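For reference, the structure is listed below as structure tokens.
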Amino acid sequence: MRIFDPHIHMTSRTTDDYEAMRDAGVRALVEPAFWLGQPRTNVGSFVDYFDSLLGWERFRAAQFGIAHHCALALNPKEANDPRCAEVLDVLPRYLAKDGVVAVGEVGYDSMTPEEDDAFARQLELALRHDLPVLVHTPHRDKQAGTQRTLDVVRESGLAPHRVLVDHLNETTVKMVADAGCWMGFSVYPDTKMDEERMVALLAEYGTERMLVNSAADWGRSDPLKTRKTGLAMLDAGFEESDVDTVLWRNPVEFYGQSGRLALEAVAAGAVDAATGSSVLRGER
């Protein structure tokens, strides 16, 4: 079982997590820029954060044979803080760097005018830098926020297949599927999806354009939720090829649109699809 976690915040995690992820089959990941829990008070703190994602965190992941990539953006929550507005001015030089495979997380938190402006401007940056986009849908009023997200994406001129709309659930998946965007699901304890609900959605909607992530961060979360979802798929009767599509091939296809995925080093050490999946299937 080879795993590419398309949305995880390793800045918040320990080296023990990296080791456990490697043992579970994780060979690649994308870490989107997000709110660290404590408000940042100036642009310099973002610059340091971006530099860390591009340097230190890639090095840390490499110690465990995991290819680290990132998505960079002014996140929706901090788009409301005027002290952070200048991040949009420094972002272009970071979007040109190796290892940056998308613009993200962008989108909505509280659906304010400030978030509207930051979202639209960053979609323009994605077009200019020829990068796909990772979109955060709000935790409150999710249906309205997701519909507004799709409206803004449509107005931007960005092709739907270049957009991954994340944190979906049963109430929002159909509208995103119908819009032609990629569908992201965070399997995260208590507040988002769980493995059983995720498997039910895959049974209903299929595996095309579907991505599963752990969204693990500083909250109560689990960086092995991707693997647990794969095992739940197998228990529900999905084929190993279906698991590989959702947990590896789909994220590779989506982020591969950036032209910047670096998977050569981990490909040689990836679990053999013909034998490794059946071995992992027997482990609980």
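The values are calculated or read from the model by the stated rules, or taken from the named source; none is laboratory data. The shown structure was predicted, so the numbers you read here are calculated from the model rather than taken from an experiment. Reconstructed Cβ throughout: ideal geometry from the backbone, glycine too, with neighbour counts over all protein chains shown. Protein only, heavy atoms only, side chains kept; ligands, DNA and RNA dropped before computing areas. Shrake-Rupley method; radii C 1.70, N 1.55, O 1.52, S 1.80 Å.
Summary value for the chain: 22 percent relative contact order, contacts being C-alpha pairs under 8 angstrom separated by 6+ residues. Each other residue within a Cβ distance under 14 Å of M111 adds +1 if Lys or Arg and -1 if Asp or Glu, for a net charge of -3. Per-residue accessible area (protein heavy atoms, 1.4 Å probe) orders S186, S12 as S12, S186, starting from the largest. Please identify, among P82, P223, P32, the residue showing maximal mean-square fluctuation in a Gaussian network model of the chain using a 10 angstrom Cα cutoff. With Cα springs under 10 Å in the chain, the top fluctuation among P82, P223, P32 is at P82. Partners of K97 within straight-line reach, counting aspartates and glutamates whose Cα lies under 12 Å from its Cα and excluding those fewer than 8 residues away in the same chain: D51.
Annotation for region 179-272: trypsin sites (Lys or Arg not before Pro) lying in DSSP loop with at most 12 further Cβ atoms inside 10 Å of their Cβ are R220. Roughly how many Å is it from the Cα centre of region 46-102 to that of region 132-196, as a whole number? If you average the Cα positions of each part, the centres end up 21 Å apart. The stretch between E170 and D89, if pulled fully straight at 0.36 nm per residue, gains 25.5 nm over its current Cα-Cα span.
In the chain, the calculated helix contribution to ellipticity at 222 nm averages -12000 deg cm²/dmol per residue, counting -39,500 (n - 2.57) for every DSSP H run with n ≥ 4. Only one residue of M210, P32, G99 has its Cα farthest out toward the positive end of the dipole of the chain, where Lys and Arg carry +1 and Asp and Glu -1 on Cβ, and that residue is G99.
Let me check I've understood the local charge: for S52, count other residues with C-beta under 11 angstrom from its C-beta, Lys and Arg +1, Asp and Glu -1. What total comes out? Spelling it out: positives minus negatives among the neighbours equals -2. When exposed loop sites are taken as GluC sites (Glu not before Pro) in a DSSP loop with at most 14 other Cβ atoms within 10 Å, the longest stretch of the chain clear of them is 1-85. Structure remark: mean-square fluctuation, Gaussian network model of the chain, C-alpha springs under 10 Å; the largest value among V30, V173, V266 belongs to V266.
For region 49-72, list residues with backbone N below 14 Å from a point placed 7 Å from the Cα of Q38 toward its Cβ? It comes to 49, nothing else.
When the solvent-accessible area of the chain is split by element, carbon and sulfur atoms take up 50 percent of it, the probe being 1.4 Å. Highest GNM mean-square fluctuation among Q257, Q63, Q143, for the chain modelled with Cα contacts below 10 Å: Q63. In the context of the full set of protein chains, residues of the chain present 40 Å² of accessible surface per residue (probe radius 1.4 Å, heavy atoms only).
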